[in-house]
């Protein structure tokens, strides 16, 4: 297993992706993106989307939600702002360049935090998850969608083989679900409430945590 990616490597990778991201990645991530947004709409209210990218997900939300988006990549956020400026997305309330390791929001600011195809790419996933848990309200949810490591069989072997080269492209195929589950157990303030493969092909996994009503122990 490779070490977690450096933030500057990911930032540079997504600066390169920004001009072509919608065309190349939009169709690939469509089912996973919609699954995450559907789960977030069921929660409703104020939603923080970390790694919002170019704002491809804006169409997947509606007027029952208020969306705040952050991303570490200035070129990606710039494109999201252009998309929001079309006037088609009044539910998008703010777009900011921000590091998810250090969220500039108060405790319990959001009803839901969504991370689409981002948690495997950050420098310290556990710290990001703890920040998400801090800013979500008690009883609120953290919703993640990602490709997660297959762990066994031919697919796992291919993922391990591609891992090193994929890193420079801003990808990480070898991140295991167990790291998410272990974080929740250590944190003590987030309960795993769903883990399922996204149809039709099961390439992506949807994971949902619920923020405990009681205050958690330090992560």
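Only the coordinates and a few stated rules stand behind these numbers; no lab work does. On a predicted model such as this, the values are computed, not experimentally measured, just so you know. Reconstructed Cβ throughout: ideal geometry from the backbone, glycine too, with neighbour counts over all protein chains shown.
How big is the equivalent ellipsoid of the stretch 7-211 along its three axes, where each semi-axis is √(5λ) from the Cα gyration tensor, reported in whole Å from largest to smallest?
After diagonalising the Cα gyration tensor, the semi-axes are 24, 21, 16 Å.
Of the beta bridges DSSP finds with both residues in the stretch 7-211, what % are antiparallel, to the nearest 5?
Bridges in the stretch 7-211 that DSSP calls antiparallel: roughly 40 percent.
Using the scaling law 2.2 N^0.38 Å as the reference, what is the normalised Cα Rg of the stretch 56-145?
1.06
What does the extension gain come out to for residue 42 and residue 23, with contour length at 0.36 nm per residue minus their alpha carbon separation?
Extra length available between residue 42 and residue 23 comes to 4.0 nm.
Nearest 0.05, what FRET efficiency do residue 185 and residue 127 give at R0 = 22 Å with Cβ-Cβ as r?
0.85
Pop a pseudo-label 7 angstrom from the Cα along the beta-carbon direction at both residue 12 and residue 212 and give the gap in nm to one decimal.
4.1 nm
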